[in-house]
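Heads up, the thing below is written out as structure tokens.
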Amino acid sequence: MAERPLGELLRHARQRLAGAGIADAAFDARLLVEHFSGTTRSDAIASPDRPVAQVAEIEAALDRRIAGEPVHRILGYRDFYGMRLSLSTETLEPRPDTETLVDAVLPFVHATAVRESVCRILDLGTGTGAIALALVTQEPKAEAIGVDVSEDALATAAANAEALGVSSRFSAKKSNWFAEIQGRHHLIVSNPPYISTSEIDDLQNEVRNFDPRRALDGGPDGLEPYRMIASGAGRHLEEGGLIGLEIGHDQRHDVTVIFEQAGYHLSAHYKDLGGNDRVLVFSC
Ligand SMILES: C[S@@+](CC[C@H](N)C(=O)[O-])C[C@H]1O[C@@H](n2cnc3c(N)ncnc32)[C@H](O)[C@@H]1O
């Protein structure tokens, strides 16, 4: 395909996406054109006549977006807590709501690192490594094990750690929750699958068709992973340690009961940016 000027290509991409009913057409068009043409927003403003050769790649990306693929799946990355994280087939796309969990536990991570010279973190269901990597990049004395059952997710998390320069303080470990985990940790964090099996079919197409089912499905009532974590945490948490969990918007009561029955106290709860219950923090 012939080259086209950057400004014209941006307008064309926006029109194609808007015409197909894509909600954030202007934003998605900009992300896709910039990514595949290797240009920036400043280039579009300062040099709209700059020729772009990657017209075919951009058209193919627009086709995928119009077919319903989320824009970050097409780009192959998503930004989280100031980090650029690569995605792969079996990783959930990290969501801004999960940053609430990082914010909730980060003061404890810093305080533990000051007091103990280290903060050992276990991230159960690490996916891209999002939560663990946010914490170890924010606290130089923190070290984390990212656990997952997916080999693909573990490889992606390890590659993200390498790209962020923290691979000496992050290890990716294949384990069914605590099954292969040894030792005690100051902090256990998890954003487990928490959607009930029957609700998965009602999710938006972009979630249902492109996020891996294993990252979403929390069993018949969506609470099974919380039961697994509550029953195993006692063998892996240091005295005075914390458990930080992301939850579904209607799970605050049920998850609190599960952890209280296992002997923990709810020490804090947080809402996400949309005002929904999103994070619970338990102490021993
Ligand atoms: C909701 S995703 C969270 C991913 C990442 N922590 C984040 O917040 O973006 C849940 C993750 O749990 C993993 N998982 C599912 N079942 C698991 C199990 N039995 N043991 C360990 N990890 C599991 C999935 O593969 C997926 O990566």
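Label reach from Ser168 (point 7 Å along Cα→C-beta): in the stretch 122-158, amide nitrogens under 12 Å belong to 141. Compactness of the stretch 133-217 is given as radius of gyration and Dmax, 14.8, 42 Å, from Cα positions. Under 15 Å of direct C-alpha separation, and excluding same-chain neighbours fewer than eight residues apart, Lys141 reaches these aspartates and glutamates: Glu116. Taking every DSSP beta bridge with both residues inside the stretch 185-284, roughly what % is antiparallel (nearest 5)? Rounded to the nearest five, the antiparallel share is 65 percent.
The simple spin-label model puts a point 7 Å past each Cα toward its Cβ; for Gln138 and Glu239 those points are separated by 2.8 nm. As a size descriptor, the averaged projected area of the C-alpha convex hull of the chain was calculated at 15.8 nm². P(r) for the stretch 4-75, from all Cα pairs and a bin width of 10 Å, is 22, 59, 19, 0 %, short bins first.
Note on the chain: antiparallel DSSP beta bridges, both residues inside, total approximately 45 percent of the bridges counted. Take the Cβ atoms of Val149 and Asp43, set R0 to 35 Å, and the FRET efficiency comes out at 0.25.
What the Cβ-Cβ distance of Ala2 and Asp24 gives, at R0 = 25 Å and to the nearest 0.05, is a FRET efficiency of 0.30. The relative contact order of the chain comes to 14 percent, based on Cα pairs under 8 Å that sit 6 or more residues apart. Here the 3J(HN,Hα) profile of the stretch 233-241, calculated from phi with Karplus coefficients 6.51, -1.76 and 1.60 at θ = phi - 60°, is 4, x, 7, 10, 9, 5, 4, x, x Hz, Gly and Pro shown as x.
Read-outs throughout are calculated quantities, based only on the coordinates presented, and are distinct from any laboratory measurement. Just so it is clear, the model here is predicted, and its values are computed rather than measured. Quick reminder, even Gly has a Cβ in these numbers, built from the backbone with ideal geometry, and neighbours come from all protein chains shown.
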